[in-house]
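Enquirer: The structure is given below, and queries will be raised subsequently.
Nothing in this text is a laboratory measurement; each read-out follows from the coordinates by a stated rule. This one's a predicted model, so the numbers in the text were calculated from it and none came from an experiment. Don't worry about glycine lacking a Cβ; one is built from the backbone with ideal geometry, like all the others, and counts go over all protein chains shown.
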């Protein structure tokens, strides 16, 4: 749930999503769910000349499994807190009996 | 083109005839008005009104070649071949020939059962023999006279009436009032006995037909033909006198129910409305024909309207109901639970009963929202400050948030509703694997929280792991990077535990009135905190013995060389007692020249700038660690300061440390604190004497390197800490020492002043201000140098 928790804080921030088919989409993160499906608004495709079919698309829903990277706005990431959250996640994972 | 003069348009092109019954028929709600206006005439049928005139639209052209086709020439027996050519009769004439041909064929092919074939043909003819003899086909044109007789049982379709405009309706209503009154009286008289004698019981629909209003009779047939077939017999002959009345707009529009006495009309309406009240249950059966007869025309209309609606609705239900029973109630419950859980997860709901669980599940989001939810004055806030915010607000904000949740009330209600479902799901032990009997494999499930494990590696027992790692720990070089990182992580884990515990601090017992339970609770919390604190303290490894001969640094100092080790200091300090703090400070001060920020903070020969990595490390140290240390030093008594300075002078390479930013700032910290204590007069002279001795030692050690403590170039503008140090030194110095100070840094001062003249005014002012820190400390000013 760490990533879900993390991405929820980025709602309404501008992110760039890089898909596994190399398309990069920049837009405002509108919503994310536990599968890390992503909803973007006001999107803009980087290298628009290469993907003209996406030039008229205004918003997208991206299935989480096709995302390769999400480029984050560094200013809105609290690294210290994220470190702690990661530690907690790791601790709870370790504590969980398998 | 029409071949036989028929209308060649296909039925679908023609559309549904407006006059025909069915859905296409437009119901005219005002029809009864016009009917009422002509009430006294509507007991007869006017052909002109009932004939739809379709015949007039027949295409009579295009039959020019009919004669060629059917053998009729101009003037030839036109009487025999008309438009109504008798195909059957003509074919029957040649049927013998056809038959002979057939027999000949069957014989030629020597078919079996020829006699049978013959028998088959023979009966086909029976019944039609009379046509054979028919030489003359009579003209089947419809005799117009036939239609002279009113035949209400063969209903002419209601002519398509044009809908009346509002004006027309009003006019009709007005005229109707004039007409209606006398008619009413007439009808009441004729009806009265009927009602009083037998009422409207179902077994005697119209006990006295002759007294029933004539106008109703034809209209009954409109809806129920088989009933009305017998009615013409009862029609009075007199009705014929009206049959050709030209100004009948509509005959079959039903009688005017408004013309009836109000009481009667309402009772009839109530019958008609009964079905509508039952309609919702969908169990209303259509009235049987006899019941239908009892209801007045208007009531029936209404009823039929309702009936049509009901039928439509039932049809819809029928269409939808084909999927009924597809899911069992259990299935539905399952789906609902899934949806609700999804909703819970999506809304990031705080499980109000267990905020800790939520916090651990969704830690980053929850805390981030608490921190960033509030106004943040400066986005460039240093991390330490930031972490402070995070800790201080965690407890209080959490409670506020609960109180402020009135806005999303519906969500809350939903959550409450969901909670039971979720808890039930949690309580149930999850079977992660399904082994279907007889199958070789097993199906494992996963959900978002516990994904399906792709690898199933058996973990060794926990105890075993611990013992092994401990054994390994001894073997591994304690200074190895991995070991240090692990040590830091253990600090963090105990730190987080202590922070969690601190958040749960029970309310302080207030005075004598406090309950014993609260006190007990508080005591328990205290002891818990104490235990955690000890754990943290041991994790810090501050008290590990110092081995001066060892080449490896002390574990605590080694931890400080990592950025996350530096970052943890401010958080640790918050939970440290005063003694623990001074111990940490002492450890740092003793190892001042071993600290990475001091070791790597000196400019190597030929370097003008520090490497980026060490610069970042220094920035982080001064942002994270120094403030914590300073926080302690600024409250420390003089003897502590003296002790620390003594340690530095005894055990640390002061000259090397002074060439670094961190080393110098720690020296500044100590000296300035001593001077502050002196100024507040909180010291006695004996102590001050000791301090002056220490100060003199420091001065003597540093004097030779005073010109070298400045960082690289002038232009960097990073030398403010040096001027701060010089100012601290200068303010504590004797006049003779001040002289020596000025001589040592004179070149730098002059250089800075001349340099600043070439700079933009604001930068120049900043540089001169830095220099002035020192100059003012010794009672001078850069203006004097001008």
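Enquirer: Which of the peptides B:85-92, B:723-730, B:656-663, B:623-630 is most tightly packed, and how do the rest follow, judged by the mean count of other Cβ atoms within 10 Å per residue?
Expert: Taking the mean over residues of other Cβ atoms within 10 Å, the ranking is B:723-730, B:656-663, B:623-630, B:85-92.
Enquirer: Something else: Relative contact order of region B:599-722, please, whole-number percent, based on alpha carbon pairs below 8 angstrom and at least 6 residues apart.
Expert: 33 percent
Enquirer: Please work out the Cα convex hull volume for region B:704-786 and give it in Å³ per residue. Intermediate results must be reported in sequence, preceding the final value.
Expert: Details: hull volume 6.7 nm³, N = 83.
Measuring per residue, one finds 81 Å³ for the Cα hull of region B:704-786.
Enquirer: Beta carbons within 10 angstrom, averaged per residue: use that to sort the peptides B:750-762, B:532-544, highest first.
Expert: B:532-544, B:750-762
Enquirer: Taking 7 Å along the Cα-to-C-beta vector as the label spot, tell me the residue A:83-residue B:305 distance in nanometres, rounded to one decimal.
Expert: Placing both labels 7 Å along Cα→Cβ, they lie 7.8 nm apart.
Enquirer: For residue B:544 and residue B:522 in the same chain, what is the full-extension length gain: residue separation times 0.36 nm, less their Cα-Cα distance, in nm?
Expert: Details: separation 22, 0.36 × 22 = 7.92 nm, distance 3.23 nm.
Separation in residues times 0.36 nm, less the Cα-Cα distance, equals 4.7 nm.
Enquirer: Further question on the same structure: Quote the Stokes-Einstein diffusion coefficient, in whole µm² s⁻¹, for region B:550-675, based on the Kirkwood radius over alpha carbon pairs, a temperature of 20 °C and a viscosity of 1.002 mPa s.
Expert: 145 µm²/s
Enquirer: Let me ask another. Mind telling me which of A:16, A:28, A:79 comes out most flexible in a GNM of chain A, alpha-carbon contacts under 10 Å?
Expert: A:79
Enquirer: I'd like to know how region B:615-747 sits against the 2.2 N^0.38 Å rule of thumb: what's its Cα Rg over that expected value?
Expert: Normalised Rg, Cα atoms only: 1.04.
Enquirer: Put a dot 7 Å past each Cα toward the Cβ at residue B:482 and residue B:440; how far apart are the dots in nm?
Expert: In this crude spin-label approximation the distance works out to 4.0 nm.
Enquirer: One-quarter of the Cα convex hull surface for region B:597-669, in nm²?
Expert: 5.0 nm²
Enquirer: Related question: Rounded to the nearest angstrom and ordered from largest down, what semi-axes does the equivalent ellipsoid of chain A get from its C-alpha gyration tensor (root of 5λ)?
Expert: That gives 29, 14, 11 Å for the three semi-axes.
Enquirer: Right, something else. Translational diffusion coefficient of region B:575-633 at 20 °C, 1.002 mPa s, Stokes-Einstein with Kirkwood Rh over Cα pairs, in µm²/s as a whole number.
Expert: 169 µm²/s
Enquirer: Can you give me the distance in nm between label points at residue B:754 and residue B:655, each placed 7 Å from the Cα along the Cα-to-Cβ direction?
Expert: For residue B:754 paired with residue B:655, the spin-label model returns 2.8 nm.
Enquirer: Suppose R0 equals 56 Å; then what is the FRET efficiency for residue A:91 and residue B:739 from their Cβ-Cβ distance, rounded to the nearest 0.05?
Expert: The computed FRET efficiency comes out at 0.35.
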